[in-house]
Amino acid sequence: MSEPVHDDAAGSGDPVWKDNAYLSYWDVERKIFGSFHVSTSPNGDGARRARCSLIVGHDEVEIIETLDRGSFSSESISFGLDGTITVSHPDLEASFTNTPLHTPADFSLHELIPPLVPGKPLQHFQQACNIRGDFTMHGSQHHLDGLGMRDRTWGFRDEAAQWAEYAGLVCVFDGAFLTAMKFLGTDGQLGTDGYLIDHEGARHLRDVTFRRTAAAQFLAATLTFDDGSSRRCTMHSREAGFFVPMGVETEGPAFGTYDDFMTLDLDGVPGAGFFEQGIVHRVS
């Protein structure tokens, strides 16, 4: 998760290389929900962005700034790979520290997302974490003591060219971390990857099916593991949500993504997390 930025990994004639770091977090008791997302590239000018989104009750802040090549620090946001994240902005002053829980989930092992460049697969890792800190938002002081998921991804990547649609479920329960993703590729192939990780190790997902409302919002997921066993994850309350920038401003195909934060249970064990859905919009 502390993999340094690869500033010399691609040239002007290569597909776009992206180095991404992401942290999504929730403190249900204090009604605090947020995410940080930084993306830089050695050869994609439009692929350099830092974003901080934060909701406290009914108050909300979103900061989006450009990043320099090879850096995860923008004018206001500093995303440290050592677990420290700071924000210094007129609307938000924050200092957060995240510490890992459980072992990382390695999505690089099964190549659910086909390599954009043959022989150079996307490297993708996720890990549950604790997150704590203090912040001042719009003049009001707050303390954060929550849970979350941190993500580190690097490689050749073009969401609108590789994916038609995807859905992902990320949750932290008492003693366990669940991350499940399902992708529909532009070639029409549907694939699943994910893990349930606890003190006994990682159980790999063979399939996941999602139940949604009439408005396509998450209700439940049925998880099937490699050994044939299954678990059920069910939503209890919807708490907050964000749109997630995934590409650049364009008149062509655009990847639209939304994160829906909620409380859930895994076969009766309470927890919280978010459901992310993304789809390519082609009508322009």
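The values are calculated or read from the model by the stated rules, or taken from the named source; none is laboratory data. Since the structure is predicted, the reported quantities are computational estimates derived from the model, not experimental observations. As a convention, Cβ positions derive from the backbone with ideal geometry for all residues, glycine included, and neighbour counts pool all protein chains shown. To get the accessible areas, we keep the full protein, side chains included, count just its heavy atoms, and leave off ligands, DNA and RNA. Shrake-Rupley method; radii C 1.70, N 1.55, O 1.52, S 1.80 Å.
Summarising the overall dimensions of segment 234-284 from its C-alpha atoms, the Rg and Dmax are 14.6, 46 angstrom. When the helices of the chain are scored as -39500 (n - 2.57) per DSSP H run of n ≥ 4 and the total is divided over every residue, the value at 222 nm lands at 0 deg cm²/dmol.
The residues of the chain present an accessible area of 45 Å² per residue when probed at 1.4 Å with all protein chains retained. Accessible-area rank, largest first, for L190, L116, L122: L190, L116, L122, with all protein chains present and a 1.4 angstrom probe. Expressed as a whole percent, the accessible area of the chain that falls on carbon and sulfur atoms is 49 (1.4 Å probe).
Dividing the Cα radius of gyration of segment 110-190 by 2.2 N^0.38 Å, with N the residue count, gives 1.47. Stokes-Einstein diffusion for segment 1-116, with the hydrodynamic radius set to the Kirkwood value over Cα pairs and evaluated at 4 °C in a medium of 1.567 mPa s, equals 83 µm²/s. Residues T66, T250, T192, T40, sorted by accessible area with the largest first, give T66, T250, T192, T40 [1.4 Å probe; ligands and nucleic acids excluded]. Normalising by residue count, segment 88-152 has a Cα convex hull of 118 Å³ per residue. Given R₀ = 30 Å, FRET efficiency for T234-D8 by Cβ-Cβ distance, to 0.05? Here the calculated transfer efficiency is 0.05.
Which entry in (1) 35, 29, 18; (2) 26, 25, 18; (3) 29, 23, 18 is this structure's computed semi-axes √(5λ) of the Cα gyration tensor in Å? Computing semi-axes √(5λ) of the Cα gyration tensor in Å and matching it to (1) 35, 29, 18; (2) 26, 25, 18; (3) 29, 23, 18 gives (2).
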